[in-house]
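Notes for the one structure printed next.
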Amino acid sequence: MPEEVTYFTKEEIECPICLSSFRREELLTGRGRLNAGELTDELRRYFIPTQKYGKVNPLLYPITVCPNCFYATDDYDFLSVSDKVKQNLKDLREIRAKYLMKIFGFIPNYNEKRNLYSGCGSYILAISCYPFFDKKKYSPTIKRGIYSLRTAWLFNDLFDETKEQKYKELAWIFYKKASEFYSEAIENQTKGIEPIENVKNFGPDVDKNYGYDGVLYVAAVLKYKTSNTIEDPEKKLKAYEEVKRILSKVFGVGKKAKDKPEVLLNFAKDIYEKIGQESEKFDNMLKGLKEDNIESDFSLEGLDLK
């Protein structure tokens, strides 16, 4: 029997929305509980199971969820909700419950230890709650992007565990949502609509904060991967150019380039090269189509079609 990897806090937390009290589950990280493994090109860190502690997934625990009304945010923001939106969040309790019921067929019990279902559900609940937070103070858009990406990861985990195809499909939906939120967050930052400096950890995983460079890189990777569904070669090439433009900001120049995390630069370089190869393929395809059209038009010249 593996040893414990979490504990419930002694002090109770009072939900600012429904005023019920509960204890939050916290992850223990010492004594070799977290055995770091592969880092993916989406900057997700996998952890290798150990004989002593079994399989540990730190992604399950960052979101605080009220077990009664399903109000959910990260630990830092939970008590910071403004008075003027508390009633709105309280009124939407049944809507949040329906989200979970529709996806899982049941409502996870947030008084019990987290599992893939409750962990995944916690991010979905947080994504639904953050629109009520002030953009200038809490940067909700990038948080919704990060949490959408983590939701996609956990849905893939659920698919691996259950082999239920719906979780694979849900993962893809949340990848696309993550891409939209990341793009919107960068645009809002550029226009001064919503700064993202207020975010304490850009992740996107919980093991390392890759900062704003990480935000740019993840935005590029998500745009690249979700562009696979674009069938029009010209639109696909346009999406690739946008990805290359974002990645060029990640690379930086001179001293700034030396300050970038090496792993980030290596991943960015790999994606950039892949896009170059694929762009060349689609360029040739478009040239071929244009040549075919020219030949087709030429062949009709001088023909009597009466």
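Any read-out appearing in this document is the output of simple, stated calculations on the displayed coordinates, not a laboratory observation. None of these values were measured; they are calculated from a predicted model. FYI the Cβ positions are ideal-geometry reconstructions off the backbone, even for glycines, and counts take in every protein chain you see.
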So if I place +1 on the C-beta of Lys and Arg and -1 on the C-beta of Asp and Glu, and nothing else carries charge, what would the dipole magnitude of the chain be about its Cα centre? I want it in debye, nearest 20.
960
For the stretch 128-183, what does the alpha-carbon gyration tensor say about shape, rounded, prolate or oblate, given a ≥ b ≥ c as the root eigenvalues, a/c under 1.5 as rounded, and a/b over b/c as prolate?
prolate
Applying the Karplus parametrisation 6.51 cos²θ - 1.76 cosθ + 1.60 with θ = phi - 60° to the phi angles of the stretch 141-157, what ³J(HN,Hα) value in whole Hz is obtained for each residue in order, glycine and proline being reported as x?
5, 5, 5, 5, x, 4, 6, 5, 5, 5, 4, 4, 4, 6, 5, 5, 4
So for the pair K113, I173, with labels modelled 7 Å out along Cα→Cβ, what separation do we get in nm?
3.0
A student applying the Cα gyration tensor rule (rounded when a/c is under 1.5; otherwise prolate if a/b is larger than b/c, oblate if not) would label the stretch 1-54 oblate
Amide H neighbours of R24 under 5 Å, at least 5 residues apart or on other chains, H built in the peptide plane: list them.
T9, I13
Among T50, T226, T151, whose mean-square fluctuation peaks in a Gaussian network model of the chain (Cα, cutoff 10 Å)?
T50
Could you check which residue among Y212, Y130, Y53 shows the biggest mean-square fluctuation in a GNM of the chain with a 10 Å Cα cutoff?
Y53
Quick one: which residues, 5+ away or cross-chain, put their amide H under 5 Å from the amide H of T73? H built at 1.01 Å from N.
T64
Pairs to check: K176/K274; K200/K249; K137/K176; K52/K163; K177/K200. Give those whose C-alpha atoms are more than 24 Å from each other in this structure.
K137/K176; K52/K163
Can you tell me the length gained on complete extension of the stretch K137 to D83, counting 0.36 nm per residue apart and subtracting the Cα distance?
18.0 nm
Tensor-based shape of the stretch 155-274 (alpha-carbon gyration tensor, a/c under 1.5 rounded, otherwise prolate or oblate)
prolate
Of all stretches in the chain that avoid GluC sites (Glu not before Pro) placed in a DSSP loop and having at most 13 other Cβ atoms within 10 Å, the longest is 13-111
Label selected from (i) 0.99; (ii) 1.59; (iii) 1.20, the criterion being Cα Rg over 2.2 N^0.38 Å as computed here:
(iii)
Round to the nearest 0.05 the FRET efficiency obtained for K90 and R24 when R0 = 22 Å and r is the Cβ-Cβ distance.
0.65
Mind jotting down the distance between the C-alpha centroids of the stretch 141-169 and the stretch 190-264, whole Å?
20
